[in-house]
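Structure record follows, encoded as structure tokens.
The values are calculated or read from the model by the stated rules, or taken from the named source; none is laboratory data. All values reported here derive from a predicted model rather than from experimental measurement. Every residue, glycine as well, gets a Cβ built from its backbone with ideal geometry; the counts of neighbours run over all protein chains shown.
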Amino acid sequence: MKKVLLILALALTGNMTFAQDTPLEISGSADLYYKYDFAKGQNIGTSFASDQNSVSLGMIDIALKKTTGKTSFVGEVSFGPRGQNQSIPNLDGTYDEGTNSFHIQNLYATYAATDKLSFTAGYMGTFIGYEVISPVANFHYSTSYLFTNGPFQNAGVKANYAFSDKVGLMIGGFNSSWNVYSADPFKGLNAIGAQLSFAPTEGISAYLNFMDGSESGTIVDLTATFQLSDKFSLGLNAADWSSAADSDFGYTGVALYPAVAVTENFGLGLRAEYFKAKETATGLFGIGADQSVTAFTLSANLKAGGLTVIPEFRLDSNSDDFFMKSDMMTQTKSASQASIALVYAF
């Protein structure tokens, strides 16, 4: 989940103390995977792990963080399909596997004005949604429809204020277009974003997110995590997005993430998602206009040191004949795939 990434902590929370100088921190990850779709093609619309019947690369990701007095700086770059052409667009905002060369995931600075108030500016992983680009912070290796069709990064400035250790507020101005670091010069920072965080008790946290812009449209998003026992947790993500030009162009969806820690090094988790494309929403990834899809993803996490092995089975069902059959000529309502991923964090 976005809120547990260490390298993004300064940007997502406002409860910041006056830190002393710290050594340069280096962290990151590397991942690869094998996936087999039972229709023998690229069938299910997930952001990453798209190669069929192949041992393929995810990405190598390197993050740098430095704190000096009241100021902090974070830079993060990634190399490979997951962190390059599949998640970061070219300078003109397009995705092209043949020409993508932009590798920056995060590049921002934070100033702690007080122990409650901080300011952040730069190009940042989005505060919206439950899942993230880095596989280290996700239980499942494939990604949800909510993640795939939502923002990945937002560029802008924001202020975080901690009212208490239980309630915080972020508000900021952002480039209206998602996933680009440069704004339309005539529009500038014309998107408003906000996040209300609430942690009423240990083991429960919730984030209500909002963004509205003349290019990106309006998105309202809720994420929450409930640690129900030492072994069992439940995550929630619900969102609604409408384009600026047409309120019937967009999506709505909800996903649940129950997970159980069987042992210290072995866990099982399920993602159950319902995703609905609005009436005129052509061009969404993995779904057609006015269609709905129900997706169930069962994953295991086997950990050994910094390595996590993620075997996964996924079954998606569309309201229409949308997925391809194995003959790649006729369509059906359901699709399934199995995969195994290796994710190493350092």
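Remarks
- Search result, residues across region 231-262 that are modelled with pLDDT of 95 or more and acidic (D, E): D240
- Check on S182, surrounded by fewer than 16 Cβ atoms within 10 Å (Cβ to Cβ), in contact (Cβ under 8 Å) with a residue 60 or more places away in the chain and within 21 Å of Y123 (Cα to Cα): yes
- Checked across region 248-259, the condition of being surrounded by 16 or more Cβ atoms within 10 Å (Cβ to Cβ) and of a type in the set (S, T, N, Q) holds for at least one residue.
- Pair list, Cβ < 7 Å and 6+ apart or interchain, from region 86-115 residues that are assigned to a loop (DSSP other than H, G, I, E, B) to residues that are acidic (D, E) and at pLDDT below 90: N90/D96
- Some residue of region 192-203 being closer than 15 Å to G172 by Cα, buried (at least 22 other Cβ atoms within 10 Å of the Cβ) and hydrophobic (A, V, I, L, M, F, W, C): no
- Qualifying residue in region 209-220 (condition: of a type in the set (D, E, K, R), crowded, with 20+ Cβ neighbours inside 10 Å and touching a residue at least 12 places away in the same chain (Cβ under 8 Å)): no
- Considering region 67-91, the residues that are surrounded by 19 or more Cβ atoms within 10 Å (Cβ to Cβ) and within 16 Å of W178 (Cβ to Cβ) include one that is nearest to the chain's Cα centre (by Cα), namely S87.
- Residue match in region 139-154 (condition: part of a loop (DSSP other than H, G, I, E, B), more than 16 Å from I219 (Cα to Cα) and modelled with pLDDT under 95): no
- Of the strands (runs of 3 or more DSSP E) entirely within region 217-309, those holding at least 2 residues that are within 11 Å of L146 (Cβ to Cβ) and under 16 Å from the mean Cα position of the chain (by Cα) occupy 217-227, 232-242, 250-263, 266-277.
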